[in-house]
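What follows is a set of notes on a single structure, which appears directly below.
Nothing in this text is a laboratory measurement; each read-out follows from the coordinates by a stated rule. Here the structure is a predicted model, which means the values were calculated and not measured. Counting neighbours? That spans all protein chains shown, and the Cβs are built from the backbone with ideal geometry, glycine included.
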Amino acid sequence: MSHTATPSITDYEVSQSRSVTLLAKDRAFIQKQKFTTLTVNVLDEDDSAPLFSQPAYIAHVEENRPPGEHALTVKATDADAGNNAIVR
């Protein structure tokens, strides 16, 4: 006999792994059983959009400023992990 249970959905940003206890038992008159633990490592998905540190930015740029000069610095973060969290 087999039984499949699906744990609730795991979000990488909440928990990077989940442990499930499995039970196997036979159908003998004197039943024998064994428990084991299955650990599921959750992989990060690029499911979070970057967030800016403020809702709007304003920059004042002189009209004859040379191209490529620094005009404004903005900050954004991403709740994902690894390469998925890199904001460019």
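Results, tabulated for the structure shown:
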| item | result |
| --- | --- |
| Mean separation of Cα contacts under 8 Å, 6 or more apart, over the residue count of the chain: relative contact order % | 25 percent |
| Mean shadow area of the stretch 45-88, taken as a quarter of the surface of its Cα convex hull (nm²) | 4.1 nm² |
| Two-decimal log10 I(q)/I(0) for the stretch 15-88, as the Debye equation yields it once each C-alpha is a single scatterer, q = 0.13, 0.18, 0.20 Å⁻¹ | -0.68, -0.89, -0.96 |
| Candidates Ala49, Ala24, Ala71: whichever shows maximal mean-square fluctuation once the chain is modelled as a Gaussian network with Cα springs under 10 Å | Ala71 |
| Distance in nm between pseudo-label sites at Asn83 and Glu63 (7 Å out along the Cβ direction from Cα) | 4.6 nm |
